[in-house]
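Some notes on the structure that comes next.
Computed from the coordinates by the stated procedures, all read-outs in this text should not be read as laboratory data. Here the structure is a predicted model, which means the values were calculated and not measured. Note that we place each Cβ from the backbone using ideal geometry, even for glycine, and neighbour counts take in every protein chain shown.
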Amino acid sequence: MVPDRFKWMSEKLPFWLRFVSPLYGDIVLSIRMRFARNLKGHNFPLFIDEEKKVKIFNLIKDALFSIDKLKNLKIYEIGELERIEKDFLVERHLISRDLLREGKGSGLAIDMDERISIMVNEEDHLRIQVFYPGFMFEEAFMRIMEIDDLVGSTLEYAYNGRYGFLTSCLSNVGTGFRVSCLLHLPVSFISGRIQDIFKFAASSDVTVRGYYGEGSEVMGNIFQFSSLRTFGKSEEDILSNFKNVVYRIIDIEKEEREKFFKNSRDFIEDRVMRTIGIIKSAKFLSSREVMEYASHLRLAAGMNILNINIEKINEIMLLNQPAHIQILFGKIMEEKERDKFRGILIRTRLNLS
Amino acid sequence: MIEKKENLCEKCKENKAEVKVIIFEGGKKIKLELCKNCAEKESMGISPVSSLPVLKKEPSHLKQEEDSVCLNCGLKLSEFLKLVKLKCEKCYESFEPHISKIIFDYHKASEYKGKVYKGVYEPNREFKLRVLRRALDEAIKREEFERAARLRDLLKEVEESDGS
């Protein structure tokens, strides 16, 4: 049996996937920002025992409950969650894989709309994160600044004038600020321009990773870009540098799409129709396969070749993941069985049966 | 019968291959089966050497008499240099000048810029207004009308707030 603790969450889409911005929504999936913070007077989490962690966990929990704007957050301790639930939270990008290894005294606080996720006692006492759709950088930035202001005025952070906010790892010291986004770059990938993008990003203090899902392969032509350095630049400058990099990448992908569309419209149409054919008739669909198909559909929808909402495709990209399938159907399943139920789920959601 | 060997990582040839990764070499897409460590480094064809600065671990030539300890938490300098993780906020002072050197090597900067914190935050309404006005200019210049409209709403909200 699957516990139904996260049923409420599985039955709806997070804000960052539900709202597709008319602006670059076909390329930018989501953005995320985070602050790494520690409490003054307590050793960092990697070095403390469970008892101490529980104490800090409760301290933070009480503080969050005492803040009017944050008291509706739902708080979970990692130790009380089943394996499947933890995987579910990772698939939803709400927590890191590192947090999974923790138990008592580590956890997370999330809001109903999944705009906020605060990880407690991961590498630092607090990892305050916000998630927003499309190109809503300013909304996200205002929000995370506000949350940090509120928490930092309730609990005292470890900070000094020389180094800023003090973190367990020196790669996060200073602002503790990181901004990242998921970009869908199918055509740059096919054409090879992706290499220019990687080089350009690296030279601008931005790192690239894949959208790690099952098997940790890069899937669905979705790439995660993140700002790298946290010290020496203000939060605002880190954000504006990052935005400029993202603008440039969007421009490249758009350029490539235009060329591709002009030269290969038949190819795209053919691929989309084949994809729909497979989804309609396949008995088993693997998660990796579905991410590839979703990528084709997403591209076609963005180029108005296919009359389907990008929201629908986003939904599939989220729900098709293994823990999601099991939570949605309410039972623990082996891979083959999941693949069967995945087919059913996707046909239903896309009205293709 | 020959027992089938477990696939080894194609990069380090030591660990078990657990991850499939696509990398680019000479403009070609290549699929590799790697262990988790190598995948982390190789994924997306960017090796950390070129893009990610790595926190340097330098446990090597520290003589025993040069080792020191953070009086607040008891972490030894040699342990810190091995882990590159700190145990408490006071380690920052205890392990100078190593701290400032590592920070400089990684972040290429020696001066902190960012939010000012004195146990509480100063009101930052002016800061928020500045960020939003800049973004609004940017949106107008780029003819991003939907975004500009959203930013105007946001600006109004901050302007009408009490400044806390």
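Residues that are on the phi > 0 side of the Ramachandran plot and either of a type in the set (Asp, Glu) or surrounded by 15 or more Cβ atoms within 10 Å (Cβ to Cβ) (or both) within segment A:33-58 are absent altogether. Against the criterion of being more than 7 Å from every other protein chain (Cβ to nearest Cβ), among the small types (Gly, Ala, Ser), at negative phi and in a loop (DSSP other than H, G, I, E, B), residue B:110 qualifies. Taking the conditions exactly as written (within 16 Å of the chain's Cα centre (by Cα) and touching a residue at least 40 places away in the same chain (Cβ under 8 Å)), does residue A:134 satisfy them or not? Answer is yes for this residue. Scanning segment B:83-106 for residues that are within 26 Å of residue A:238 (Cα to Cα) and in contact (Cβ under 8 Å) with a residue 24 or more places away in the chain gives B:84, B:102, B:105, B:106.
Tell me whether segment B:105-121 contains one or more residues that are over 28 Å from residue A:146 (Cα atoms) and not hydroxyl-bearing (Ser, Thr, Tyr). Don't jump to the end; show me each part of the working.
Let us first name the residues in segment B:105-121 that are over 28 Å from residue A:146 (Cα atoms), namely B:105-106, B:108.
Still in the list and also not hydroxyl-bearing (Ser, Thr, Tyr): B:105, B:108.
Yes, segment B:105-121 contains at least one residue that is over 28 Å from residue A:146 (Cα atoms) and not hydroxyl-bearing (Ser, Thr, Tyr).
Within segment A:89-111, the set of residues being part of a loop (DSSP other than H, G, I, E, B), more than 14 Å from chain B (Cβ to nearest Cβ) and within 16 Å of the chain's Cα centre (by Cα) comprises A:92, A:93, A:94, A:95, A:111. Taking each residue of segment A:330-353 that is closer than 19 Å to residue A:281 by Cβ and looking for partners that are acidic (Asp, Glu) with beta-carbon atoms closer than 8 Å, six or more apart or interchain, yields A:349/A:315.
If you check residue A:325 against the conditions, is it over 20 Å from residue A:261 (Cα atoms), in a helix (DSSP H, G or I) and not basic (Lys, Arg)?
Values: over 20 Å from residue A:261 (Cα atoms): yes; in a helix (DSSP H, G or I): yes; not basic (Lys, Arg): yes.
Yes.
On the basis of being in a helix (DSSP H, G or I), within 28 Å of residue A:94 (Cβ to Cβ), within 20 Å of the chain's Cα centre (by Cα) and aliphatic (A, V, I, L, M), does residue A:316 make the cut? Yes, satisfied.
Anything in segment A:118-155 that is among the acidic types (Asp, Glu), within 29 Å of residue B:86 (Cβ to Cβ) and in a helix (DSSP H, G or I)? List them, or say none. Once the filter is applied, which keeps residues that are among the acidic types (Asp, Glu), within 29 Å of residue B:86 (Cβ to Cβ) and in a helix (DSSP H, G or I), segment A:118-155 yields A:146, A:148, A:149.
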